[in-house]
Amino acid sequence: MSNVKKWPAIDPEKVAKYKHIWENVSAADNLDPEVAAYLARVKEQGGGKGVEQLSFINKDYLGFYQAPFSQDLDNTDLVIYGMGIEKCSPTGSSHKFAPQRLRHLSKMGMGTVGDNGEIPFEWCRISDYGNWDSLGQFELKAEVEQLTELLHHMVVEKDCTPLIFGGDHTIPYPTMRALGEKYGPLRVIHFDAHYDLSTRADFDYPYTSGHWLPKLYSEGLADPERTVQIGMRGRQTALVKGNHIAFGTTGFTTNEVYEQGVDAVADKIIELCGDGGPVYFTFDLDALDTAFCRSNSSQIHSV
């Protein structure tokens with residue numbers, strides 16, 4: 001022990017400064033002025049009964065990422081909505097509970113201010129519309145048609161941008177149908193373990209989690225030549241790859257992502273989807289390594 005080198009002590013004046021901060025200075029004292037002004041305004045809303053952001057306490061009266069619950073679409077630019085459909089998840093269940101769980105996780109220390117001081121809630125009016133009611137729903141066709149009508153109302157009639165989370169991968173169809181009707185054929189960025197390119201000839205059902213994209217292609221609402229699919233793997237990828245070739249989508253299997261690198265994927269996305277046209281982003285959690293997320297999980301979608 002006698003040969004152990006001890007580093008010089010920190011300057012006592014610096015230690016005194018650190019002690020003063022430890023005992024007297026709150027994080028609120030050093031906030032960026034713009035962030036501080038925003039938090040003060042939010043806290044004072046509703047006669048001083050607004051949203052206190054600094055404590056990081058999960059608040060049940062707030063929605064996804066602490067957005068206010070509201071169905072006033074006339075005063076909303078970005079509408080958040082949970083779709084707990086699970087009838088087309090053959091090897092999993094409980095997707096109906098995913099929106100409430102994702103909403104809870106989003107509020108565990110992640111509020112309305114970004115890590116670099118960005119304030120999305122100052123950029124536009126954001127509301128959480130709540131969840132589609134999956135209880136008592138037994139027929140997928142009726143469910144999707146209800147959601148199609150609701151998304152048409154949100155997007156086409158009320159001019160809102162949707163952020164949708166579910167739910168199995170049936171949920172893009174009603175959202176993309178409304179967006180395609182409003183903006184024209186959508187470019188698609190699709191993270192998934194599966195192509196989801198089965199056709200009506202494969203499964204003779206009007207709606208499924210496996211053929212929402214071909215249905216949209218057939219209706220002229222999405223462009224297969226401007227679709228980039230990332231993360232495909234497994235036997236279903238091999239079985240459906242012929243449809244990927246037939247439609248002309250651009251696909252990267254998991255192995256190809258590792259071999260070609262993230263930059264090559266990003267370059268292809270920019271090449272095919274970066275021309276300023278409408279782009280729909282859909283992320284199926286089974287695109288993640290199965291060590292971290294099992295197959296047939298929930299999705300998050302936006303445009």
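The values are calculated or read from the model by the stated rules, or taken from the named source; none is laboratory data. Keep in mind the model is a prediction, meaning the values are calculated, not measured. Virtual Cβ from ideal backbone geometry, glycine too; neighbours counted across all protein chains shown.
For segment 103-118, the count of residues that are within 30 Å of Leu213 (Cα to Cα), aliphatic (A, V, I, L, M), modelled with pLDDT under 90 and not in a loop (DSSP other than H, G, I, E, B) is at least one.
Here Leu216 meets each of (1) at pLDDT below 85; (2) in a helix (DSSP H, G or I); (3) hydrophobic (A, V, I, L, M, F, W, C) with one exception, condition (1). Number of residues in segment 192-201 that are in contact (Cβ under 8 Å) with a residue 24 or more places away in the chain and out of contact with any strand residue (DSSP E or B) (no Cβ under 9 Å at 6 or more places or on another chain) equals 2.
In segment 201-213, is there at least one residue being surrounded by fewer than 24 Cβ atoms within 10 Å (Cβ to Cβ) and over 21 Å from Gln236 (Cα atoms)? Within segment 201-213 (the criterion being surrounded by fewer than 24 Cβ atoms within 10 Å (Cβ to Cβ) and over 21 Å from Gln236 (Cα atoms)), the answer is no, since none of the residues qualifies.
Looking at His194, is it surrounded by 24 or more Cβ atoms within 10 Å (Cβ to Cβ) and modelled with pLDDT under 95? Yes, satisfied. If only residues of segment 143-191 that are among the β-branched types (Val, Ile, Thr) and either assigned to a loop (DSSP other than H, G, I, E, B) or touching a residue at least 60 places away in the same chain (Cβ under 8 Å) (or both) are counted, the one that is surrounded by the most Cβ atoms within 10 Å (Cβ to Cβ) is Ile171. I'd like the residue in segment 214-270 that is in contact (Cβ under 8 Å) with a residue 40 or more places away in the chain and more than 20 Å from Asp284 (Cβ to Cβ) and, out of all such residues, is surrounded by the most Cβ atoms within 10 Å (Cβ to Cβ). Top of the filtered list is Glu219.
With the condition kept exactly as written, say whether any residue in segment 66-87 is at pLDDT below 80 and either over 29 Å from Asp133 (Cα atoms) or surrounded by 14 or more Cβ atoms within 10 Å (Cβ to Cβ) (or both).
Yes, because at least one residue in segment 66-87 is at pLDDT below 80 and either over 29 Å from Asp133 (Cα atoms) or surrounded by 14 or more Cβ atoms within 10 Å (Cβ to Cβ) (or both).
The residues of segment 3-22 that are loosely packed, with under 10 Cβ neighbours inside 10 Å and either within 40 Å of the chain's Cα centre (by Cα) or within 25 Å of Asn116 (Cβ to Cβ) (or both) amount to a single one, Trp22.
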